[in-house]
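Structure record follows, encoded as structure tokens.
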Amino acid sequence: MLMRYGSSIFLVLFAVYALTMTVPYGYASLGLDPSWNLAINLLIQQGANFGKDVAFTYGPLGFLNYRIMPEGYSIYWFFAFDLALVGMATASVAYAMRQAGKYAYLVAILAVMVIYPEGLFADRVFSLLFYEFAFLLYALQERRFWALILATAIALLLFFIKVNVLFIAGPYFMLMLVYAGWKRIFSPVKLGVLAVIYVLSLCGLAAILQVDLWGYIRNSIALTDGYIDAMSSFSLFPKEFFILAMLEILFGLGFVLLLWRSWKSWRETFVVLFTSLLLLALAFKQSHVGIGFAGFRNFFQIAPLIVCLYVLFVPKLWDRKDLRIAGGMLAIYLLSMAYTGYGLSDRSWRNYVRSRPEPHMNLSYYAVPYTWYDYAKNFDQHALDLPDSLRRRLGNASVDFLQHDLGYVFFNRLAYRARPVIQSYSAYTPELIRMNGAHYRSIQAPDWVFYKLEPFRNQNPFWMDSEVTLELLKRYQLQAPVYVHGDTLQLFKRGGGLFRPKVQEIQVPTMRLGQVITIPKGGLVRLQVDARLNVWGQLMRLFAQPPYLYAKVRYADGQERRFRVIPPVLKAGIWVGARVETQAELRTFFLTAGRGNVASEQLVLESPMPWAWQ
């Protein structure tokens, strides 16, 4: 009796603690990621069609994850969403404690470890993915059809929050339905009806939320595949990489230990094993695309979910030693989160400690801010205010912003007319680059365009969005520059461009590293190179990072620069005839079609891993 009441009291306290450690919502801010958050919200407010008008990994319910509410939506969406997540978390802990029997107190300790220091929902997408997996496994293990229905609802929700998760959540869901039918856990009729309901619900919600399903999925495939090439980076010192890699290896060894101890019963735990390996592979890929503190943090945010699956679904095979192994793995998680937090706090332990949420059990810390919410507070930050005279000149005319800093559009309440790939660094495949170019050729093109070169991961920013660059030359007229708080913005007005600029094309059908590519004079020179990985390079790209490719450019004034190039972007074409690295050189390029810039003379492609290329 005492044990039962003790468990109930703990679960209530756990739910309260989990909720109070959750940030209710956020307001608009500056930066690369906050910029696309704001852009997605503006597109939602405009009723844009995701898949047709927008090509991005986040969908029309993406705000549930990044926690900035679009105008006109109730802030209590977040409240209901958080209550649902905390409810699922509490139910999971209750189930695990019941299964653990006399070791329930160890499960309780592990549960608290998962919540702190980052809160239960550091990334709500991964939390939802975990609950989809957990409810599917619970349905299979306990033969509870309602759990299968709940997993279906979660899979649908994930699809409209972040579509690239579909490539994990969708196939896994369907595979588990097939497995349930094969093992006769549920009748084929029930499973068939559920699958039909899933598909019909997907189509119905797509119509309500204005989603072009085929375009949404097709664009996400291009974005997900190209992401690996464009976003890979390495931003750690050797010592930092060694520490994080060792923590990752130690966690992996703990996982192997758990597998070894339950190996004799692999037939009973096969589905849990498969699910855990799927999550582990996802975590590893997350950490090794962008190798840095943020990347490894992604790994260790997913890592405890793997431990939780074992605690939930194989306790009958466990003893106290197994739970100690799980505890050790979560201790590694806590150390890793602290160390990555230190790195993301400007490598300062003092800053990290100051930024930690203070543990408390006061629900008002979570609930009361909902009574204070005011959408207008998003505009309290005036760092990007445009001159009043310019805002009057723009009026209600449509506006786009190149390359990434869409905060200018949001904070000045301009009439946003987005290109499909809303930030230039994300247009990293030929298909995505062509989509943006086609938008600027269409009647939907914006009336005004702001342009600010923004460096990104050792790439030449001018080589991004090459089709848009050409359309600006053809169809837009450069205006006087705009100076705002240290930024220089180039402003373009639709109409009065060159219409038929003379472009010289250089096409290299097969790349040879070290080959000197001579660049003709003339300003407007587009280089297209088909750079392909061999089998070893493809394997490296699949399991870790793709091999890096660099372009060494020599200019007419004798200077040389080295930029990282993305193979799909290089295949689509980059503008190499003129040097454009500063805002002044950008202006000169559009005034003179590149003839007034310092000319490029030659370009050589290099790679630190020549063995990885064809």
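The values are calculated or read from the model by the stated rules, or taken from the named source; none is laboratory data. Here the structure is a predicted model, which is why all the values come from computation and not from measurement. Note that we place each Cβ from the backbone using ideal geometry, even for glycine, and neighbour counts take in every protein chain shown. Accessible surface areas use protein heavy atoms only, side chains included; no ligands, DNA or RNA. Shrake-Rupley method; radii C 1.70, N 1.55, O 1.52, S 1.80 Å.
The table that follows gives values for the structure above.
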| read-out | value |
| --- | --- |
| Selection within the range 362-421 - closer than 30 Å to Pro461 by Cα, among the charged types (D, E, K, R) and in contact with a Phe, Trp or Tyr (Cβ under 8 Å, 6 or more places away or on another chain) | Asp385, Asp400, Arg413, Arg419 |
| Meets criteria (open to solvent by less than 20 Å² (accessible area, probe 1.4 Å) and touching a residue at least 40 places away in the same chain (Cβ under 8 Å)) for Val449 | yes |
| Residues of the range 371-390 satisfying the condition of being within 27 Å of the chain's Cα centre (by Cα) and surrounded by 14 or more Cβ atoms within 10 Å (Cβ to Cβ) | Tyr373, Tyr375, Asn378, Phe379, Gln381, Leu384 |
| Verdict on Met113 being surrounded by 20 or more Cβ atoms within 10 Å (Cβ to Cβ) and among the hydrophobic types (A, V, I, L, M, F, W, C) | no |
| Within the range 544-585, considering residues that are in contact with a helix residue (DSSP H, G or I) (Cβ under 7 Å, 6 or more places away or on another chain) and in a helix (DSSP H, G or I), the one surrounded by the most Cβ atoms within 10 Å (Cβ to Cβ) | Pro567 |
| Verdict on Arg541 being within 27 Å of the chain's Cα centre (by Cα), closer than 30 Å to Phe284 by Cα and exposed (fewer than 14 other Cβ atoms within 10 Å of the Cβ) | no |
| Hits in the range 272-283 - residues which are open to solvent by 20 Å² or more (accessible area, probe 1.4 Å) and without any contact (Cβ under 8 Å) to a residue 24 or more places away in the chain | Leu273, Phe274, Leu277, Ala281 |
| Selection count, the range 69-102, where residues are under 30 Å from Arg417 (Cβ atoms) and either surrounded by fewer than 20 Cβ atoms within 10 Å (Cβ to Cβ) or among the polar types (S, T, N, Q) (or both) | 7 |
| Any hit, the range 279-288, residues being outside any helix (DSSP H, G or I) and under 17 Å from Ile228 (Cβ atoms) | no |
| Ile40 crowded, with 19+ Cβ neighbours inside 10 Å, without any contact (Cβ under 8 Å) to a residue 60 or more places away in the chain and of a type in the set (Val, Ile, Thr) | no |
| Number of the exception - Ser287 against (1) open to solvent by 40 Å² or more (accessible area, probe 1.4 Å); (2) among the polar types (S, T, N, Q); (3) at pLDDT below 80 | (1) |
| The range 407-425, subset touching a Leu at 6+ places or on another chain (Cβ under 6 Å) and not small (Gly, Ala, Ser), residue surrounded by the most Cβ atoms within 10 Å (Cβ to Cβ) | Val421 |
| Enumeration of residues in the range 158-197 that are surrounded by 12 or more Cβ atoms within 10 Å (Cβ to Cβ), aromatic (Phe, Trp, Tyr) and within 16 Å of Leu136 (Cα to Cα) | Tyr172, Phe173, Tyr179, Phe186 |
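Okay, residues lined up against (1) modelled with pLDDT of 90 or more; (2) aromatic (Phe, Trp, Tyr); (3) on the phi < 0 side of the Ramachandran plot; (4) surrounded by 17 or more Cβ atoms within 10 Å (Cβ to Cβ):
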residue: Thr429; (1), (2), (3), (4): yes, no, yes, yes
residue: Glu467; (1), (2), (3), (4): yes, no, yes, yes
residue: Gly495; (1), (2), (3), (4): no, no, no, no
residue: Thr518; (1), (2), (3), (4): yes, no, yes, no
